[in-house]
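Enquirer: I have a structure here, written as structure tokens, and I will follow up with some questions on it.
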Amino acid sequence: MLAVASDLLFNLLVILITMIVHQFWIESKPNCKLVIKYSILVTSGLAIFICMVFSFYEYEGVRYDLRRIPLWFGTIYGGPIVGFVLLVLTSVIRFIQGGTDVYSSIMNTALMFFSTVMITPLYFRLGTYKKIVLSTFMNIFFSFLVLIAFTFLHHDSFKIDYWFEFLIINAIGIILVSLSVEMIQSNYEWRMKVIYADKLDVIGHLAAAVNHEINNPLTTIRGLIQLVKEDPGLTVEKEQTFLQLALEEVDKVNHIIKDYLTYARPYPTTNEVFQLDEVLHNSINIVRPLAEMEDALIVMGDTPACCLMGDPKQLVQALVNLLKNSINAVKKGGNIELKVKVKNKECYIYIIDNGIGMDKALQKRLGEPYFTTQVGVLGLDLWLSIGLSIV
């Protein structure tokens, strides 16, 4: 009895492990059509082979095992072709094993295969509970047919204890495996939903960031056009300078949109050698119209001669964002100071304003991707420390 129980548990363990391996295999190769199509064939075929080799008991030359469970799930989830291959595999193994009940066993397996193919569309329309009930009924029904065929062929009543044990064992086996498969499928679907929700969240953050980045140059363009329109005493040279800055901001908007559209295919940043003072003056010139509209004063101290390697456009964009935040944070007549220090072959840029600052809760979220507050609420008191190697 102990040997029967151990072989039964081994059969169940093999089926459960192969079902889990099948799911992990698919998840590890989600874009491989070959794996998606045939992993269920390999795992179910292996389960059938091991279950038939290690039958949990034998009576009158007939071997009893749980081969119908992987055959059922392999046909359900793999389709008719996979099910047919499993049918052939089961029949060949059973024929090699021999015994007094070979042909009736093969016929019973074939009948189960055809019934499973016909019932598959109904199976996937059912809920979890009904799927388990249907799987249990099918397995018990064909296990019962095995006992009837044995009794008919041997003209002998099968012992009631063997009838009971065989049907109960198959029922318990199919219920446990069905529950496990449904739990694995349910967990996988939930994980896919979580991943999809994370992707939507990333897209939402990205859209908000793009909106924030576009809003900066648009605000600058509006300020430049407003100055050109409302200042009749503006010199031609000054007007041309403002118009050139507006065109550069339009190009920046186009560049940001291009980056957003190519988000799925990012390209490497183009590094070049540039002078830091040129980037700083360019950044200040871009936000100066906005600063004048808000009556904010931007002051830049003496800048050490620094030749840096990097992407000057990205540095300008970062500085413009920080300067705009400072302009929004300071009150009318506020001051914004820009300092540069060189230490240990590293260049540090400091932006200091007399805005309302950040409380401790906001400081903890400093640097969090896409985190922002309403315009005019947050001031930047010190912070921008960009470490770049000096060329």
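Enquirer: Stretch Arg191-Lys343 to full length: gain in nm at 0.36 nm per residue minus the Cα-Cα span?
Expert: Value of the extension gain: 49.9 nm.
Enquirer: From the phi angles alone, apply the Karplus equation (6.51, -1.76, 1.60; θ = phi - 60°) to segment 346-360 and give each ³J(HN,Hα) in whole Hz, x where the residue is Gly or Pro.
Expert: 10, 10, 10, 10, 10, 10, 10, 10, 9, x, 6, x, 10, 7, 5
Enquirer: Oh, and also: With Cβ to Cβ distances under 14 Å as the rule, what net charge do the other residues near Trp25 carry (K, R +1; D, E -1)? Kindly include the intermediate steps, with their values, before the conclusion.
Expert: Values: positive: Lys29, Lys33, Lys37; negative: Glu27.
Around Trp25, the charge tally is +2.
Enquirer: I'd like the carbon and sulfur percentage of the solvent accessible area for segment 307-369, probe radius 1.4 Å, heavy atoms only, ligands and nucleic acids excluded.
Expert: Numbers: 1770 of 3510 Å².
Answer for segment 307-369: carbon and sulfur cover 50 percent of the accessible area.
Enquirer: How much net charge surrounds Leu218 when only other residues with a Cβ under 15 Å from its Cβ are counted (Lys, Arg +1; Asp, Glu -1)?
Expert: Every neighbour counted, the sum reads -1.
Enquirer: Report the net charge of residues surrounding Leu87, where surrounding means a beta-carbon distance below 15 angstrom and charges are Lys +1, Arg +1, Asp -1, Glu -1. All intermediate terms of the calculation are to be shown ahead of the outcome.
Expert: Details: positive: Arg67, Arg68, Arg94; negative: none.
Charge balance in the 15 Å sphere: +3.
Enquirer: What does a probe at Val273 reach in segment 287-318, counting residues whose amide N is under 18 Å from the point 7 Å along Cα→Cβ?
Expert: 305-313, by backbone N distance to the label point.
Enquirer: Whole-Hz ³J(HN,Hα) for each residue in segment 13-20, computed from phi via Karplus 6.51 cos²θ - 1.76 cosθ + 1.60 with θ = phi - 60°, x for glycine and proline: what do you get?
Expert: Those phi angles translate into 5, 4, 5, 5, 5, 5, 5, 5 Hz.
Enquirer: On to the next question. Hey, got the Cα dimensions of segment 321-366 along the principal axes, in Å, largest first?
Expert: Extents along the principal axes, in whole Å: 36, 28, 16.
Enquirer: On to the next question. Heavy atoms only, probe 1.4 angstrom, no DNA, RNA or ligands counted: give me Lys339, Lys360, Lys29, Lys252 ranked by accessible area, highest first.
Expert: I get Lys360, Lys29, Lys339, Lys252, largest accessible area first.
Enquirer: Let me ask something additional. How high is the FRET efficiency from Met118 to Ala207, r the C-beta distance, R0 45 Å, rounded to 0.05?
Expert: Efficiency at R0 = 45 Å is approximately 0.40.
Enquirer: Please arrange Met300, Met309, Met19 by accessible surface area, largest first, computed with a 1.4 Å probe and ligands excluded.
Expert: Greatest to least solvent exposure: Met309, Met300, Met19.
The values are calculated or read from the model by the stated rules, or taken from the named source; none is laboratory data. Note that the coordinates shown come from a computational prediction; the quantities given were computed from them, not determined experimentally. Neighbour counts are summed over all protein chains in view; Cβ atoms, including those assigned to glycine, are modelled from backbone coordinates with ideal geometry. For the accessible areas, the whole protein counts, side chains as well, though only heavy atoms, and no ligand, DNA or RNA atoms are used. Shrake-Rupley method; radii C 1.70, N 1.55, O 1.52, S 1.80 Å.
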